[in-house]
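Down below is the structure, laid out as structure tokens.
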Amino acid sequence: MSAFDPATLTFNDQGLIPAIAQDADSHEVLMMAWMNAEAVARTLDTGRVTYWSRSRQSFWIKGETSGHVQSLVSMRVDCDRDCLLVLVHQVGPACHTGRRSCFYTDVTDGDEVELLAPME
């Protein structure tokens, strides 16, 4: 075992890495957002999942305003070190639409089906 160094991650030209949030218990994929090196460090330091908002150009602690908190269980790095899987305990919906998951639309054989209604 060795200490994790965020500098070993491969960030894109904007200094970001995609982070997929997955429920640690059900394994449901909840959402995808971006992190920079500081957001990775803050997430690991605080246990509160922190993303980088590209539109606001600021840190975004999941649930800080909505109460729909993501608590870090563990973080995984993919084989190319250019994507993160963040295993979380999610309180309430993960999606800004009020749904449990951002991945609520199925496309099969060219047809779209809404799988999840808003929780609230």
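Bear in mind that the values in this text are calculations on the coordinates, not laboratory data. The model shown is predicted, which means the values in this text are computed figures rather than measured ones. A quick note on method: Cβ atoms are made from the backbone with ideal geometry, for glycine too, and the neighbour counts reach across all protein chains shown.
When restricted to residues that are buried (at least 16 other Cβ atoms within 10 Å of the Cβ), more than 14 Å from LEU16 (Cα to Cα) and in contact with a helix residue (DSSP H, G or I) (Cβ under 9 Å, 6 or more places away or on another chain), the range 40-59 contains 2. Of all residues in the range 84-120, those that are over 16 Å from the mean Cα position of the chain (by Cα) and part of a strand (DSSP E or B) total 8. If you go through the range 1-17, how many residues are surrounded by fewer than 15 Cβ atoms within 10 Å (Cβ to Cβ), outside any loop (DSSP other than H, G, I, E, B) and of a type outside the set (Gly, Ala, Ser)? Total satisfying the criteria: 1.
Flag set for ARG81, criterion: outside any strand (DSSP E or B) and under 17 Å from LEU9 (Cβ atoms). Within the range 62-77, being assigned to a strand (DSSP E or B), free of Cβ contacts under 8 Å to residues at least 40 places away in the same chain and out of contact with any helix residue (DSSP H, G or I) (no Cβ under 8 Å at 6 or more places or on another chain) holds for SER71, ARG76.
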